[in-house]
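Everything on this sheet refers to the single structure shown next.
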Amino acid sequence: MAVSGFIARFFPFLNSLFQRRTNIKLGLYGPPNAGKTTMANSICQECLGEDMGVVSNIAHETREIQVKEQITIKSGKKQLSFTLVDTPGIATKIDYEDFLKYGMNEREAKRRAKEATKGVIDSIKWLDDMDTVIVVLDSTKDPMSQVNITIIGNLAARNIPVLIVANKIDLKKADIKRVRAAFPQYEVVGISAKYGNNLTEFYDALFKIVEKRGL
């Protein structure tokens, strides 16, 4: 084979090799208590052997951006390394009185509400740094909420690749079809972050999105 033919044949491979991203930022977004941190913990436990954050039944338990670097997942012969970003739950309204129901005093409740509000603002700011976003939704609830539509709208406006995760499929009220019907333009994968069910399917879907966008 002539030298010119050799270069022509292998140039596309070399070009893709040198242009490949080595620090993909993968953001977990969604409303409070959808299971973002539980999902982050499942991924981190499987890949790093450690949790990413604290989980509780109280909304806005995660009030600051949490980052884990050098996470690598595998699916067959494929491998993907990325930085995982777990964000505070997005909400259109945060009232300190909501925290009083959990036995907190007024001072603590107001502090949490203030931190949660800042967390929402930070989450939106970090969108500009995301290469791909996983929108985590509670599959037992109506997906057509104002918060969910706002999140999806912000992502569409920024042209950020999106994968929707319908979480909590282990519960009887889970309805993945309803989530798919609400957002037919996106791929939806049903998982149980709590028990780690269907993570392989999630990884496969993530690989497809990354490959499609050339990240």
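Numbers below:
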| quantity | calculated |
| --- | --- |
| Length released on extending from Asp142 to Cys47, taking residue separation times 0.36 nm less the Cα-Cα span | 31.0 nm |
| Amide H contacts under 5 Å for Glu187, placed H, 5+ residues apart | Ile164 |
| The chain: C-alpha gyration tensor shape, a/c 1.5 cut-off, then a/b vs b/c | prolate |
| Close Lys-Lys pairs in the stretch 107-215, where close means Cα under 13 Å and separation is 8 or more or interchain | 6 |
| Other-chain or far-sequence residues with amide H under 5 Å of Thr140's (modelled H) | Asp175 |
| In Hz, Karplus ³J(HN,Hα) per residue of the stretch 107-120 (6.51, -1.76, 1.60; θ = phi - 60°; x = Gly, Pro) | 5, 5, 4, 5, 5, 5, 4, 5, 5, 5, 5, 4, x, 5 |
| Theoretical FRET efficiency, 1/(1+(r/R0)^6), r = Cβ-Cβ of Glu201 and Ile149, R0 25 Å, to 0.05 | 0.50 |
| Chain lengthening between Ala181 and Lys114 when straightened (0.36 nm per residue, less Cα-Cα) | 20.6 nm |
| Shape category assigned to the stretch 107-172 from the gyration tensor of Cα positions, a/c cut at 1.5 | oblate |
| Spacing of the two label points (7 Å from each Cα toward its C-beta) at Lys74 and Asp128, in nm | 3.9 nm |
| Stretch gain in nm, segment Ala157-Lys212, where the contour uses 0.36 nm per residue and the Cα spacing is subtracted | 17.9 nm |
| Using alpha-carbon coordinates, inclination of helix 146-158 to the longest axis of the chain, degrees | 30 degrees |
| For the chain, calculated [θ]222 nm from helices alone, where every DSSP H run of n ≥ 4 adds -39500 (n - 2.57) | -13000 deg cm²/dmol |
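Rule-based calculations on the coordinates, nothing more; no lab input. As the structure is a prediction and not an experimental result, all values here were calculated from the model. Every residue, glycine as well, gets a Cβ built from its backbone with ideal geometry; the counts of neighbours run over all protein chains shown.
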